[in-house]
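The numbers here are math on the coordinates, done by the rules we state, and not lab data. All figures in this text were calculated on a predicted structure; none of them were measured in a lab. Ideal geometry is used to build each Cβ from the backbone, glycine not excepted, and the neighbour counts take in all protein chains shown.
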Amino acid sequence: MGHKGSETCLIWKWIDLMLQEIEDSAKELPSFVNYEILREEVRKNRSIIEEAKFPVTLTHGDLKPSNIMILEDNSLKLIDLELSGLNYRGFDLMKLYRADCKVFSVRIPFQRHFHVDFPYT
């Protein structure tokens, strides 16, 4: 299924594991959750994404403000790499912008036209 490289994407491995867990605990699901419909929706979405042939690349896997360090020389250092691996290009951007707006409370510029907001600690 899909184009070369998509089968190695971590996101599909994670989703497959989640679906398996849901299927294994189907008796415990709320009555409004239909596993077969959920599985079909995932299949449809995967098909659409794979047909788009997005490039697969190395990603951080958990990109968020608390995993970016600004060093004294203003260079950046990424930390917390245990979720890194092959995913679709853009996966890290999705993970960055999926965060709650409360996480982005203080604006610190670190590139000319790009800002990442960090909470005070």
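Ordering of 34-45, 57-68 by packing is 57-68, 34-45, highest average first (other Cβ atoms within 10 Å, averaged per residue). Summing charges over all other residues whose Cβ lies under 12 Å from the Cβ of Asn45, with Lys and Arg as +1 and Asp and Glu as -1, gives 0.
Descending by average beta-carbon neighbour count within 10 Å, the peptides 79-85, 90-96, 22-28 line up as 90-96, 79-85, 22-28, the highest first. Assuming a ≥ b ≥ c are the square roots of the Cα gyration tensor eigenvalues, decide whether the stretch 1-83 counts as rounded (a/c under 1.5), prolate (otherwise, with a/b larger than b/c) or oblate. Here the stretch 1-83 falls in the oblate category. Near Ser84, once Lys and Arg are set to +1 and Asp and Glu to -1 for all other residues with Cβ below 13 Å from its Cβ, the sum equals -3.
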